[in-house]
Structures are given as C-alpha cells and as structure tokens.
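The block underneath contains the structure these notes are about, expressed in structure tokens.
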Amino acid sequence: MERGAIVAEVRKAFGERITEVDEAALEPFVRCEASTWPDLARFLKERCGLDMLVCLSGIDRGKGVGLEAVYNLERCDASRVGIAVKIRVPYEAAVIPSVETVWRTADWHEREAWDLLGIRFEGHHNLVRILCAEDWEGHPLRKDYKSPDRYHGIKNNVV
Amino acid sequence: MSSEATSTAALAPGGADLRTEEMLLNMGPQHPATHGVLRVMVRTDGEMVLDCEPHVGYLHRCFEKHCENVTTLQAVLYTDRLDYLTAMGNNWGFCMAVEKLYGPELVIPERAQYIRVICQELNRIASHLLAIGTYGMDVGAITPFLYCFREREKILTIFEHICGQRLNYNYIRPGGVAYDVDDAMLALIGDFCSYFLPKIDEYDDLLSGNDIFVKRTANVGVLSAKLAIDYGCTGPVLRGSGVPRDLRKDKPYGIYERFEFDVPVGSGEHGTVGDCFDRYMVRVREMRESTRIVRQALKSIPGGEIRSAKIKAKIRPPKGEAFTRIENSRGDLGFYVVSDGKEVLYRVKCRAPSFHNISVLPEISRGSMLADLIAIIGSLDIVLGEVDR
C-alpha cells in the first residue's frame, strides 16, 4: 500500500474527522482532533500496517496556536512507507489520548513529551518525567520557559 | 529454581525453610556494566531477575533546547555529543534534515558525498569495535577488548588527520564537509581496510567461536521480531531479530545506492533468533560490509568541490519542516527540524535509536539470571549520550 492509498483509506474511513491532509509537504501528514486519535491510531496500525512508531515530536507552536504532537509512523518492511499524524491542542487543555497500547514505544515517547512540553497523555499508565529530575519545575521546551536561578541550592550560571 | 529451593530446604537442619525473598536491587547509575550513567532497578529473587526498570536521564542536558538558542551551524557541534561513538553519523543526520529544507535545488558535491560515506562507514567500524570489545569484557573476555581498541585507535588517528578531532568531529556540515581529504589520507584509509579485514577473522577466533562466550550469549535475552518493531528498535538490535531493515538499502540516502553490500541478520546460529549472540554477530558482520563499502568508495571517489556554494556561511534554512533518518551504528537516527527562515532553528527533535533500544530491556530480561542481565544490556549497545540527550 502506497502512501496515497493509505491517505485514501483514512479519508474513506474517517471522513470529516480528518481535518487536514497535506501530501505535497516535505513531510506528508494528516491532521485530526485529539479525540479521533485512538481510533485513527488503531486503524493505521491494524488496517494500514503501520506497525512502527518511529518518532513522536512535541512542538510548541506559540501563542494563539498551542502545542502540537507529530507522530511519524512507518511500515517496517522493505517499502518503509509512512505518514505523519499531527494533532494540535491548546495550552489550557493540552491533553491527547495515549497510544501506548497500540505502539508500546509510545510509553517512553509520551513521557518525554510530557516532561519537556507538558502535553498530558490521557490513559498513560505511568506519566512521570523521564529525562528531567522528578522535582523539576516547568517544561523546558515551552517557548515561554525560564530556566530556574537555583536548583537545590546550586546556582545556575548559564545565561 | 523451585526444585533447587526445595532441595536446599530439605538439606537444612531441622527442615527449616530456606526460601528466597524478593529483593529490590539498584544497579547503577555508576556501574561499569551499564555502559554509562544508566540506572536499572532490578527486582530479584535470588539470582533471578523478576522484573527490571531502566531509569534514564542522568546525562540530560536538553540538547533540543540548546538548538533553539544557537545557530544552525553551531547546532552541528551539539549533535556530536549525542552518540559520541558515531559523531560522523550524528553530524550527517542533522545536516541531512537541514539540507532537506532547501529542497532538490541544493546538490551536495560528489566528492563530499563520497567523503561522507567513507567517514560514516569508518566510524561505524570504530563504534562496532568498541561495542564488541566492551561486550566481551561484560561477559568475562578481556583480551578481545585490547585488540578491538588497537584497531579503533587507527581509525581515530585517521579522523584526527582528517578533521583534527578524535571523537567529536563537527566535520560534516550542511552542504558538504568542512575540509578536503588529500590523496595520502585516502591511501592510508585503503591500507587500513587491507589491514583490518584479516583482523575480523581474529575476533571470530577469539570471541565469536569461543565456547564460553557462546554459552553466555546464545539463548539469552531473546527479542522477537514483533516485539522489536513494537518498541521501535532499529539497527543491529532489530536485525539481530532477523528483520533485514537497513535504511541504506530501503531508503538509500546520500549515494548508498551505488554501493554493493549485504545486510547481515540474526539467524539463531547458536540458539534462538534474536538472542544476544545474534545481535553481537550482526555487528561483527557489519564491519566486513562497511569495509566493503569504504573500498568501493575509495575506488571511485572523484575530485572537485567539497561544499555546495548554495549554502552560505550564514545558514538560514528556508521555512518548513523536515524529518530525515540515517542508518547510524545503533539504528535509525532521525531529526525533525522546524525552521521559520531564521538563522536559529525553531525546533529540533532528535529520534535517538538507543532510546528505543534500551526501552525494550524489561521485556527481554524478565526471568533471566542476574549475570545475564549484564550480557543483555551489553548486547543492546546503548550510548547514554543519545538516550538522555
């Protein structure tokens, strides 16, 4: 199944629930609402055979837009056909359903996106920080993040 | 285990019950067998591993945040510190993402393409040498380590001559490479290939065919292909499970489609497909393939420019988003870059292969012996620099 066929299948099955499709972009993607994501994820894995979650990138798109999660999916065979799924959520309700039961690697990736960007993945069994210290405050990859002056009495000399 | 426990209890005076109790064992973050600052919480019952949980993040310095504060050219320097054993691959992976933003008009000069391939493959050999050497040490064989480092030293010396650095090269830059390689250097690389190939046979004699080594690694830490894909494992870890996925073949980047090489996969020659031995053996065989590629590249390397004139000293990648991956020593290294047309990238996300490879550890170590846990961690060949970023 080529990428175009996957997009066609997804469109057929989800219709209006797919809010945007861009196949001409450098990184072709489909966009959906957070509420559609669990169904779409299962569909992409089981029906389209995209069995590998290659990467989950959280992006702070700035004021007025919110946070975005980009899932790069791929079929792990010689074709290596894949597509990206983008989901945008507002800052005040940065919640996306977890897909750790669909692709198990999502477990750590979602923890990372929570840690660094503060996107909450609903249904994750253990959504705790993974890279920063447990008692770290704030989410470093947010654009409005200010690094703390002190951490446990250690002065931050980095400007 | 249970039969052993029963027999011990039977021997105890007065029939006292000598049951073993569960214990929580903290391994790391400073432990020679964890290959860096990795902490593994292990729940044990006697010598058995009931469960374990890797804790990562001790080397976290938020590489991605650094990239939002420095120019694109300066960010290349930070990529060196990700997988510090294959810095050439890191440089290339990042530059490839930046170059993709420029679109098809940006053509990388032929000579630079060849130099990139030669450096990347030499670096893969150096990295695998370290992996194999330290892996031998993990399971008790010290001698191969010394031989592996002797060969690795030669590669590092070559790199030192090429770009002045032994580990953090900062050599591959957007649009090409930083310096040209002279003919004497190319001849030296050719000599190294001739010298190195017979050495791989020596490792096979010393380690791959060593009965103790085989017994310590075969049937240990078996990772099924399905589980490996589910956890996003790539590189030798995935190929060890019998899945012949290699980006250099599947989605050739650079000029890899011009070279002839095979993709070694695990076949369970001493045990089960996807055991520690298979992962180890894939690395040994990949070194031969890498040498093959280097030799072919040396034969056909053309003269000419080493940097595209389209990329100026002040790099301002065009607006857009790109995600690219390369086949690094440890698997698919990906970079997701978002540019808003400024000198500083808006967002850089690194998809690190070791991050995926180590996350599968609990699955494949449950029910194994504690000493085998060391063998399993070693066979995954992680670099914490890229796990923690």
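The values are calculated or read from the model by the stated rules, or taken from the named source; none is laboratory data. In this text the structure is predicted, and so the values were computed from the model without any measurement. Here Cβ is always computed from backbone atoms with ideal geometry, including for glycine, and neighbour counts include all displayed protein chains.
Worth pointing out:
- When residues of the stretch A:10-30 are limited to those that are under 14 Å from A:Leu73 (Cβ atoms) and within 18 Å of the chain's Cα centre (by Cα), the one farthest from the other protein chains (Cβ to nearest Cβ): A:Val30
- Residues in the stretch B:269-290 that are crowded, with 21+ Cβ neighbours inside 10 Å and polar (S, T, N, Q): B:Ser290 alone.
- Between B:His161, B:His128, the distinction of being in contact (Cβ under 8 Å) with a residue 40 or more places away in the chain and part of a helix (DSSP H, G or I) belongs to B:His128 only.
- Some residue of the stretch A:103-110 being within 14 Å of another protein chain (Cβ to nearest Cβ) and surrounded by fewer than 20 Cβ atoms within 10 Å (Cβ to Cβ): yes
- Among the residues of the stretch B:53-78, just one is of a type in the set (Ser, Thr, Tyr) and without any contact (Cβ under 8 Å) to a residue 40 or more places away in the chain, namely B:Tyr78.
- Qualifying positions in the stretch B:39-52 - in contact with a helix residue (DSSP H, G or I) (Cβ under 6 Å, 6 or more places away or on another chain) and aliphatic (A, V, I, L, M): B:Val49
- Residue ID - farthest from the other protein chains (Cβ to nearest Cβ), chosen from residues in the stretch A:60-76 that are farther than 15 Å from A:Val30 by Cβ and touching a residue at least 12 places away in the same chain (Cβ under 8 Å): A:Gly66
- Taking the numbered list (1) at pLDDT below 90; (2) assigned by TED's automatic domain parsing to the domain that holds B:Phe355 in turn, B:Arg116 passes all entries but (1).
- Against the criterion of being within 13 Å of chain A (Cβ to nearest Cβ) and among the small types (Gly, Ala, Ser), B:Gly378 does not qualify.
- Every listed requirement among (1) within 30 Å of B:Leu186 (Cβ to Cβ); (2) within 14 Å of chain A (Cβ to nearest Cβ); (3) polar (S, T, N, Q) is met by B:Asn69 save one, (1).
- Among the candidates B:Glu305, B:Glu327, the residue that is surrounded by fewer than 17 Cβ atoms within 10 Å (Cβ to Cβ), of a type outside the set (A, V, I, L, M), in the same structural domain as B:Asp340 (by TED's automatic domain parsing) and within 30 Å of B:Val344 (Cα to Cα) is uniquely B:Glu305.
- Applying the set (1) without any contact (Cβ under 8 Å) to a residue 60 or more places away in the chain; (2) touching a Leu at 6+ places or on another chain (Cβ under 8 Å); (3) in a helix (DSSP H, G or I); (4) within 24 Å of B:Ile125 (Cα to Cα) to B:Lys299 leaves exactly one unmet item: (2).
- Test result for B:Leu73, closer than 22 Å to B:Lys310 by Cα and surrounded by fewer than 24 Cβ atoms within 10 Å (Cβ to Cβ): yes
- One residue stands out in the stretch B:30-66 among those that are closer than 23 Å to B:Gly367 by Cα and within 14 Å of chain A (Cβ to nearest Cβ): the one that is surrounded by the fewest Cβ atoms within 10 Å (Cβ to Cβ), namely B:Glu53.
- Selected residue [in a helix (DSSP H, G or I), within 13 Å of chain A (Cβ to nearest Cβ), surrounded by fewer than 24 Cβ atoms within 10 Å (Cβ to Cβ) and not hydrophobic (A, V, I, L, M, F, W, C)] from B:Glu321, B:Glu363: B:Glu363
- Considering B:Gly266, B:Gly209, the condition of being buried (at least 24 other Cβ atoms within 10 Å of the Cβ) and at pLDDT below 90 is satisfied by B:Gly266 alone.
- In the stretch B:219-245, residue nearest to the other protein chains (Cβ to nearest Cβ) [restricted to those that are of a type in the set (D, E, K, R) and either touching a Phe, Trp or Tyr at 6+ places or on another chain (Cβ under 9 Å) or surrounded by fewer than 19 Cβ atoms within 10 Å (Cβ to Cβ) (or both)]: B:Asp230
- Filtered residue count, the stretch B:229-252, keeping only those that are over 9 Å from B:Gly274 (Cα atoms) and assigned to a helix (DSSP H, G or I): 7
- Within the stretch A:41-159, strands (runs of 3 or more DSSP E) holding 2 or more residues that are in contact with an Asp or Glu (Cβ under 7 Å, 6 or more places away or on another chain) and under 19 Å from A:Val7 (Cβ atoms): A:52-60, A:82-89
- Looking across the stretch B:77-114, the residues that are crowded, with 21+ Cβ neighbours inside 10 Å and among the aromatic types (Phe, Trp, Tyr) come down to B:Tyr78, B:Trp92, B:Phe94, B:Tyr114.
- Qualifying position, being in a helix (DSSP H, G or I) and touching a residue at least 12 places away in the same chain (Cβ under 8 Å), among B:Glu257, B:Glu343, B:Glu286: B:Glu286
- Within the stretch B:305-318, at least one residue is at pLDDT below 90 and within 28 Å of the chain's Cα centre (by Cα).
- Taking the criterion of being closer than 30 Å to B:Ala228 by Cβ and out of contact with any helix residue (DSSP H, G or I) (no Cβ under 9 Å at 6 or more places or on another chain), the residues of the stretch A:107-147 that qualify are A:Glu110, A:Arg111, A:Ala113, A:Trp114, A:Asp115, A:Leu117, A:Glu134.
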